[in-house]
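Trainee: The structure that follows is given in the form of structure tokens.
The values are calculated or read from the model by the stated rules, or taken from the named source; none is laboratory data. Quantities reported herein were computed from a predicted structural model and do not represent experimental measurements. Cβ placement follows ideal geometry from the backbone for every residue including glycine, while neighbour counts extend to all protein chains displayed. Heavy atoms of the whole protein, side chains included, go into the accessibility calculation; ligands, DNA and RNA do not. Shrake-Rupley method; radii C 1.70, N 1.55, O 1.52, S 1.80 Å.
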Amino acid sequence: MKSNNPVLTRLPQAQQNAGYAQPQGGYPQQSPYGQTQYGDTPNFGYAQQQGYGQPAERPMTVDDIVSKTGITLAVIVAFAVINFGIGMFNMPVAMGLTFVGAIGGFITVLVHSFGRKYGSAAVTLIYAAFEGLFVGGFSMLVTGLASDPAAGAFAGSLIFQAVLGTIGVFAGMLFVYKTGAIRVTPKFTRIITGCIIGVAVLALGNLLLFIFTGMSPLRDGGPIAIVFSLVCIVLGALSFLTDFDTADKLVRTGAPAKMAWGVALGLAVTLVWLYTEILRLLSYFRD
């Protein structure tokens with residue numbers, strides 16, 4: 001159940017050690033709880049008993065993932081609107097909150113990924129709040145609204161197009177996954193992971209170059225910057241496939257319902273990354 005998304009790569013030890021059965025080629029297998037399990041049927045034995053006769057949580061469903069992801073995105077949008085509104089009256093405060101949101105969101109993802117907090121509703125919602133502050137301020141900066149309050153209508157148009165584009169890519173990749181047009185294999189996941197690491201290294205190098213020389217070839221709006229943003233958008237879109245695959249396997253293997261919060265956070269990370277890259281690309285063409 002590996003994913004290139006860092007949030008979805010460190011699943012709880014219980015799952016990795018077959019705390020609930022993995023489907024095996026569609027052949028029936030005997031559950032430790034006396035039920036015959038099939039490859040396409042979730043192992044509900046995990047939800048019936050765990051440990052020494054203690055009732056365990058019910059298995060995750062697609063509805064759990066949809067509802068938790070919806071809540072997470074609603075929190076992100078709410079805090080983005082709040083910071084955007086603050087910026088209309090006090091830009092320095094809004095930019096400060098944007099910085100806090102960026103650092104806080106990054107730290108929260110690290111805690112979620114390496115602190116055994118997978119499936120924590122609190123961690124996911126805290127991340128959503130921080131990321132909302134960042135998205136609101138980032139949107140003002142990239143659209144030019146932070147430096148020119150009169151550009152409100154044009155900035156709103158860019159933001160609307162970026163949101164629409166993000167939703168379109170998400171829906172398109174979900175269709176691609178459901179139809180099996182692109183199969184998510186271990187090799188596919190390794191390739192996507194390697195590409196994302198390469199992009200991250202390039203972005204870090206560009207940041208250091210900007211700090212020491214003032215030059216930013218990957219973010220200055222030139223031809224190289226446009227190509228880099230397009231590459232990031234393609235990688236973000238393909239990342240959805242591995243996210244969907246991880247979520248699908250968790251549902252089919254009867255993972256605890258609380259893990260839906262972990263899936264929601266992983267999808268939110270990819271959605272925010274895709275939105276920021278689409279918005280940045282649109283701003284290049286505006287300039």
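Trainee: Go over the candidates Thr253, Thr242 one by one and state the one that is among the polar types (S, T, N, Q) and under 12 Å from the mean Cα position of the chain (by Cα).
Mentor: Working: Thr253 fails: under 12 Å from the mean Cα position of the chain (by Cα).
Residue meeting the stated conditions: Thr242.
Trainee: Can you tell me which residue within the range 97-106, out of those that are surrounded by fewer than 15 Cβ atoms within 10 Å (Cβ to Cβ) and over 15 Å from the mean Cα position of the chain (by Cα), is farthest from Lys68 (Cα to Cα)? Steps first, answer last, please.
Mentor: Just the residues of the range 97-106 that are surrounded by fewer than 15 Cβ atoms within 10 Å (Cβ to Cβ), to begin with: 99, 103, 106.
When the remaining residues are screened for being over 15 Å from the mean Cα position of the chain (by Cα), the result is 99, 103.
Numbers: Phe99: 26, Ile103: 23 Å.
Restricting to residues being surrounded by fewer than 15 Cβ atoms within 10 Å (Cβ to Cβ) and over 15 Å from the mean Cα position of the chain (by Cα), the top hit is Phe99.
Trainee: Same structure again: Is there a residue being open to solvent by less than 10 Å² (accessible area, probe 1.4 Å) and over 17 Å from the mean Cα position of the chain (by Cα) anywhere in the range 225-236?
Mentor: yes
Trainee: Then there's this: Consider Leu241 against the criteria (1) modelled with pLDDT under 90; (2) open to solvent by less than 30 Å² (accessible area, probe 1.4 Å); (3) of a type outside the set (Lys, Arg); (4) under 30 Å from Thr61 (Cα atoms): it satisfies all of them except one. Which criterion is unmet?
Mentor: Checking Leu241 against (1) modelled with pLDDT under 90; (2) open to solvent by less than 30 Å² (accessible area, probe 1.4 Å); (3) of a type outside the set (Lys, Arg); (4) under 30 Å from Thr61 (Cα atoms), the one that fails is (1).
Trainee: Moving on to the next point. Please name all residue pairs, on different chains or six or more residues apart, with Cβ atoms under 7 Å, provided the first residue is in the range 212-241 and is over 17 Å from Arg190 (Cα atoms) and in contact (Cβ under 8 Å) with a residue 40 or more places away in the chain and the second residue is of a type in the set (Gly, Ala, Ser) and outside any loop (DSSP other than H, G, I, E, B).
Mentor: Taking only residues 6 or more apart or on different chains, the pairs are Arg219/Ala225.
Trainee: Filter the range 180-207 for residues that are open to solvent by less than 80 Å² (accessible area, probe 1.4 Å), in a helix (DSSP H, G or I), without any contact (Cβ under 8 Å) to a residue 60 or more places away in the chain and over 17 Å from Thr276 (Cβ atoms) and give the result.
Mentor: If the condition is that a residue be open to solvent by less than 80 Å² (accessible area, probe 1.4 Å), in a helix (DSSP H, G or I), without any contact (Cβ under 8 Å) to a residue 60 or more places away in the chain and over 17 Å from Thr276 (Cβ atoms), then Phe188, Gly194, Cys195, Gly198, Gly205 are the ones that fit.
Trainee: Residues that are closer than 29 Å to Thr253 by Cβ, open to solvent by 50 Å² or more (accessible area, probe 1.4 Å) and acidic (Asp, Glu): does the range 64-85 have at least one?
Mentor: no
Trainee: Would a scan of the range 155-164 turn up a residue that is of a type in the set (Gly, Ala, Ser), touching a Leu at 6+ places or on another chain (Cβ under 7 Å), at pLDDT 90 or above and within 22 Å of Met91 (Cβ to Cβ)? Break it down into steps so the answer makes sense when it comes.
Mentor: Here is the first cut: in the range 155-164, the ones of a type in the set (Gly, Ala, Ser) are 155-157, 162.
Filter once more, so that each one left must be touching a Leu at 6+ places or on another chain (Cβ under 7 Å): 155, 162.
Narrowing the set further to residues that are at pLDDT 90 or above leaves 162.
Still in the running and within 22 Å of Met91 (Cβ to Cβ): 162.
Checking the range 155-164: at least one residue is of a type in the set (Gly, Ala, Ser), touching a Leu at 6+ places or on another chain (Cβ under 7 Å), at pLDDT 90 or above and within 22 Å of Met91 (Cβ to Cβ).
Trainee: Something else: Could you grab me the full set of residues in the range 115-139 that are open to solvent by 50 Å² or more (accessible area, probe 1.4 Å), assigned to a helix (DSSP H, G or I) and in contact (Cβ under 8 Å) with a residue 12 or more places away in the chain?
Mentor: Start the filter on the range 115-139 by keeping residues that are open to solvent by 50 Å² or more (accessible area, probe 1.4 Å), which leaves 116-117, 122, 125-126, 130.
Narrowing further to those that are assigned to a helix (DSSP H, G or I): 122, 125-126, 130.
Across the range 115-139, the qualifying residues are Leu125, Ile126, Phe130.
Trainee: Can you name the condition, by its number, that Phe285 falls short on among (1) modelled with pLDDT under 90; (2) in a helix (DSSP H, G or I); (3) farther than 26 Å from Gly144 by Cβ?
Mentor: (3)
Trainee: Of the conditions (1) of a type outside the set (S, T, N, Q); (2) closer than 30 Å to Asp245 by Cβ; (3) open to solvent by less than 60 Å² (accessible area, probe 1.4 Å), Ala94 satisfies every one except a single condition; which number is it?
Mentor: (2)
Trainee: While we're on this one: Checking Ser216 against (1) under 27 Å from Val77 (Cβ atoms); (2) open to solvent by less than 30 Å² (accessible area, probe 1.4 Å); (3) not in a helix (DSSP H, G or I), only one condition comes out false. Which one?
Mentor: Failed condition: (1).
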